[in-house]
Structure formats: structure tokens, C-alpha cells
Amino acid sequence: MSVIPKTPPLVEQLKGGLDAPICLTWELTYACNLACVHCLSSSGRRDPKELSTAEAKDLVDQLAALQVFYVNIGGGEPMLRKDFFEIVEHSVTNGVGVKFSTNGTYLDRAAAERLVELPYLDVQISLDGMTPEVNDAVRGEGSHAKAIEAMGHLRDVGFEDFKISIVCTRHNVDQLDEFKALADDHGAQLRITRLRPSGRGVDSYHDLRLTNPQQRQVFHWILDHPDVLTGDSFFHLNALTSEVGGPNLPGLNMCGAGRVVCLIDPIGDVYACPFVIHDEFLAGNVRDGGGFARVWRESTLFTELREPTSAGACASCGSYDACQGGCMATKFFTGLPLDGPDPDCIHGHADEALAAVAAGTAPRPSQDHSRPGAAVPVALTRKR
Amino acid sequence: MAFDPAERYRLSPRVGLRPEPFGALAYHYDTRRLVFLKSNDLVALVRSLAEHESAAAAIDAVVDPSTGRRSAYVTALASLCESGVVEPLLEPAA
Amino acid sequence: MTVTEPTTEPTTEPVDEQEQATDELVTDDVLVEEISIDGMCGVY
């Protein structure tokens, strides 16, 4: 009788990469009516090389053939594409679910009525403060009001369980309970996500990032609110679990970039994840021969990311198994080595290295789609 | 509702089942739950459920009873029933 | 979302002949594992 080998645990399977992503982020456009100070895609101006409607629908067909289960659509502001509904409807009717993120400016009553009729579709409204004072300082004047208005439309048409998504910053971390109440009031689900120094975030990161005590505050708050989503973005805080003697945060707690997920940008470029829009993490383009599948399965970058990694400088730290050394994107854009601690390492293991990074030497985003002259509150940006 | 091996089941039509080298990923489009089926035998079992008069019969067709693994498959189906990946098939047998 | 505990037997160990001789099967008893993911930094 033969021996059946034990199946490795799921996390190890996933680190080696899947034949197709489970889901992926697809930024439909770099056009945006806002100019958020931390925008991961430095959005504002439409790129003239954007995928056409036909190319976008063909991409959907490719993803459907691969059985990608759903796409996280964003941008820029995806509803600024004239073919937004056409693309979304093509996706949900062909087996690829859609979750899309919007600032809500264009989500009027008519749009809400159209959205609530679509199957396999979820909507997420971005918000970064409970008050205009906090929110608009990051997202621009009037953005808070527009977001709240969009939420009202979704509630009024009976769109259940839409998402309200917050990027946690030093300035909104004390409002988490209020965000939760806001979500409850709208029959929505709250998501809080980690700020990364990506896109325009490269410059605003140091003003917005959580302090060490605030990180601990968020960790405990997440554990106390298991019905709040996190985008799987706080796994670096699992370094606290041995300290508090408690469970890991829910979720897979690993970096999925290039292994489980990736980004397709508005011009068809494929990056490891939405937070590393930089040539260093560019795997290929869907317009190349072989389309998306070829990039996902054969690109040099993704093949490298799927190789086993060592703990590197984190090897001597007992938390590595729990925190996995944190977030690749955060390390990259702060000029830290990828095989060492995360800048937000809760034990402070990166503090010295971070302070030693000479001003202006950390990588900058490869592209900037910002609209010239778009208002960015001076108080919250300080170039480093 | 509790899993009953004497009843008929089927792979839910609301689920996308995607083969992987190690078995399959199952994604439920309504609940958004994602489940990892860790053996190709389990995947074959799940796909064959509707063809049998009962889940127990389907298991017997796939699993060699002398392996002692039968209970693992019963447990697996119960788990998949809980997550909605498989569901009772209420039509009468053909 | 609920999370099913993953198997606690992670490693694939080499099987020696003695185990084969006794017909003992090295198997993974937990055949289903639920994944709790929220996009894995998909942002949305």
C-alpha cells in the first residue's frame, strides 16, 4: 500500500504561488477628481495609454478563463471611466465578481439604483475621518460630504453590507469606534487598512503613520472587533501576539504579492501589488503576447517572489513566524532592505536603520499622475 | 443544517471550484467564503456527489474503505456543507 | 468569517521502509481548510 504524503499547510502552498490569483486589484484609470495626500497610485490625470473598453472586456474574459474569483476595482476614481458600468456588468455576468472602491463623488441615487441590481458586486466607500476637519485634510475639501452622501444613497436603495474603508492614520485612529457606528448606521461593514508609503504616500507617510502606541491600540481594537475587515494588511502586528499571549489577527498573515494577488494598472502593467507601483516590481504587461496568464505564470519577478525566502536580519527574532518580517512595499519605499524588519516593526527593530536612511535616498514612485496644482494641504506634507 | 451522509448532496451551483496542484480552491460567490480542498480525491468526491443516491455512497465510490480514511472524508463533507460548498440535493433520484 | 484551524502536522517527512511494510499510511486527516482573506492588501 502506498504512502500518501501529507499536504503542506495552506500558507506554504500559497507562498509558492498559485496557477492564477485568487483575486487581484485592477486600477481602471489614473484619472481622479480628488488628490488625496496618501494616494497609493499618485492618481489625478488620465493616462492616454489606458486600456480601451475592448481591451478591458478582453481582460475580464482572460480572468474568467483563469477562474480568478473576483477583482478589486479601483483607480484613481473608477467611476470616471465612461465604460465603468459596461466593464463591471461584463465582469459579473461572466463569473468574475467585482468589489470596487470609490470616493463616492459620482455615486448618486441613479448610480446606486443601478449598482444594487448587479449580482456579485460589492461597493466600498473611502473615508479617512469622521469629520471634514480630519477627512478633508487628507482627501480634499468636500470629500467627506460626498462620501457620506454616497453612503446614504446606498442605504436608501437597500444595498446591504457595502463597505466603508478607512486608511488608519495618526489623526483618525482615535475615531475607530465612531467609524464602526457609522458603518452600523448604514448597514455597512467597516474595513480599516494600513497606510503604506506608496505613491503620494511616500511624502505624507511620516506625518500620517501610526506611532508605536497607536499600533498597539489598533491591534487590540481589531481583536475586539472581529467583524471589522482589515484588508489583511496588519499582519506585521502579529509580532505582538506572544507579548499579549493571544491569538494572531484573523487571516492568512502573509504577503500575497505576486503569489496570491497582484495589481493590473490602467495601462495593463502588472505589478506585484498595488503598493509597489515601481519598475522594481513590474512583472509585465497584459498587452504582451500571452496576456495576463503568461505574466502571472512566467514573469521573472513573480517567479522570484515565489521562491522560499529566509528571515534574513529577522532570523534571531522570535516574532518572525508571526509577523513574517512585515510588508515588502513599506520596506521598499522607506529605503530599508527587504530581508529585514518592517519600518513599523512593533519591537522597534527597524528604528535605527530607518533613521540612518539619508534624506532623499529612498526610492520614489516610478510614475506620478498627479494633477499639477491639485491642492494638497501643506500642513500634512513634509518632504523627507 | 447538519450533514447527513444518508442524504443526497451536490456541489453548490453558487460555488466556483478551481483545480490546483494540491486539490482545489472553492469560492462561494454569495457568502464570499473561500475554502481549500486539500486532496484530489476529495475534489473528485465533491464533483461526483449528485450522481449518487447518498453522500455515503459517493464516499464509498471514491474512498477505499480499508484505508481507514473514510471518516476523514465524512468530516470533510460535513465541513463543506457548513460552509455551503456542498448542499442537499432535493430532487428525487433519477 | 470563521477560520478552520489548519492542520497541525505541517511537514512532509520521508517515509522509511518499515512504515511501508506495516501498511501504515501517513496521511493528512484534515482535508478542508477555510481561508479567511480580505483581498490580501487588494485595498478594496
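One residue stands out among those in the range A:43-75 that are within 14 Å of chain C (Cβ to nearest Cβ) and of a type outside the set (Gly, Ala, Ser): the one that is farthest from the chain's Cα centre (by Cα), which is A:Leu63. Residues that are in contact with a Pro (Cβ under 8 Å, 6 or more places away or on another chain) and farther than 26 Å from A:Val202 by Cα within the range A:289-338 comprise A:Trp296, A:Cys317, listed in sequence order.
Yes/no per residue for (1) over 21 Å from A:Leu10 (Cβ atoms); (2) touching a residue at least 60 places away in the same chain (Cβ under 8 Å); (3) not hydrophobic (A, V, I, L, M, F, W, C):
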{"residue": "B:Arg14", "(1), (2), (3)": "yes, yes, yes"}
{"residue": "B:Phe22", "(1), (2), (3)": "no, no, no"}
{"residue": "B:Leu34", "(1), (2), (3)": "no, no, no"}
{"residue": "B:Cys81", "(1), (2), (3)": "no, yes, no"}
{"residue": "B:Val86", "(1), (2), (3)": "no, yes, no"}
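Taking the listed residues A:Pro78, A:Pro9, the one that is surrounded by fewer than 24 Cβ atoms within 10 Å (Cβ to Cβ) and within 14 Å of chain C (Cβ to nearest Cβ) is A:Pro9, with no other qualifying.
Do we have A:Glu113 as outside any strand (DSSP E or B), of a type in the set (Asp, Glu) and under 29 Å from B:Asp30 (Cβ atoms) here? Against the criterion (outside any strand (DSSP E or B), of a type in the set (Asp, Glu) and under 29 Å from B:Asp30 (Cβ atoms)), A:Glu113 qualifies. Being in a loop (DSSP other than H, G, I, E, B), within 14 Å of chain C (Cβ to nearest Cβ), at pLDDT 95 or above and out of contact with any strand residue (DSSP E or B) (no Cβ under 7 Å at 6 or more places or on another chain) is the requirement here; does A:Leu34 meet it? In short, no. Looking at A:Pro197, A:Pro247, A:Pro226, just one residue is touching a residue at least 24 places away in the same chain (Cβ under 8 Å), closer than 25 Å to A:Ser319 by Cβ, in contact with a Ser or Thr (Cβ under 9 Å, 6 or more places away or on another chain) and surrounded by fewer than 19 Cβ atoms within 10 Å (Cβ to Cβ), and that residue is A:Pro247. The residues on offer are A:Gly95, A:Gly129, A:Gly104, and the sole one that is under 26 Å from A:Val173 (Cα atoms), away from chain C (no Cβ under 14 Å), small (Gly, Ala, Ser) and crowded, with 17+ Cβ neighbours inside 10 Å is A:Gly129. Checked against (1) in contact with a Leu (Cβ under 9 Å, 6 or more places away or on another chain); (2) farther than 17 Å from C:Val43 by Cβ; (3) assigned to a loop (DSSP other than H, G, I, E, B), A:Pro119 meets all criteria but (1). Of all the residues in the range A:298-320, those that are crowded, with 18+ Cβ neighbours inside 10 Å and either in contact with a Lys or Arg (Cβ under 7 Å, 6 or more places away or on another chain) or more than 16 Å from A:Leu338 (Cα to Cα) (or both) number 3. In the set (1) hydrophobic (A, V, I, L, M, F, W, C); (2) under 27 Å from A:Val218 (Cα atoms); (3) more than 14 Å from chain C (Cβ to nearest Cβ); (4) out of contact with any helix residue (DSSP H, G or I) (no Cβ under 8 Å at 6 or more places or on another chain), A:Ile277 fails one condition alone, (3). The set of residues in the range A:71-86 that are farther than 18 Å from A:Val116 by Cβ and touching a residue at least 24 places away in the same chain (Cβ under 8 Å) comprises A:Val71, A:Asn72, A:Gly74, A:Gly75, A:Gly76, A:Glu77, A:Leu80, A:Arg81, A:Asp83.
The conditions of being under 14 Å from A:Ile264 (Cβ atoms), hydroxyl-bearing (Ser, Thr, Tyr), modelled with pLDDT of 95 or more and part of a loop (DSSP other than H, G, I, E, B) are met by A:Ser41.
A:Gly152 meets the stated requirement of being more than 23 Å from the chain's Cα centre (by Cα) and surrounded by fewer than 23 Cβ atoms within 10 Å (Cβ to Cβ). Which condition from (1) surrounded by fewer than 23 Cβ atoms within 10 Å (Cβ to Cβ); (2) not in a helix (DSSP H, G or I) is the one that A:Val134 breaks? It fails just one condition, (2). Please enumerate the residues belonging to the range A:248-271 that are within 23 Å of A:Gln67 (Cβ to Cβ) and facing chain C (nearest Cβ under 10 Å). Scanning the range A:248-271 gives A:Gly251, A:Leu252, A:Met254, A:Cys255, A:Gly256, A:Ala257, A:Arg259, A:Val260, A:Val261, A:Cys262, A:Leu263.
Looking at the range B:21-94, none of the strands (runs of 3 or more DSSP E) lying wholly inside it contains 1 or more residues that are closer than 13 Å to C:Val32 by Cβ and basic (Lys, Arg). Residues that are within 12 Å of chain C (Cβ to nearest Cβ) and of a type in the set (A, V, I, L, M) do not occur anywhere in the range B:48-57.
The values are calculated or read from the model by the stated rules, or taken from the named source; none is laboratory data. No experiment lies behind these values; they were computed from the predicted model shown. Cβ atoms come from the backbone with ideal geometry, glycine included; neighbour counts cover every protein chain shown.
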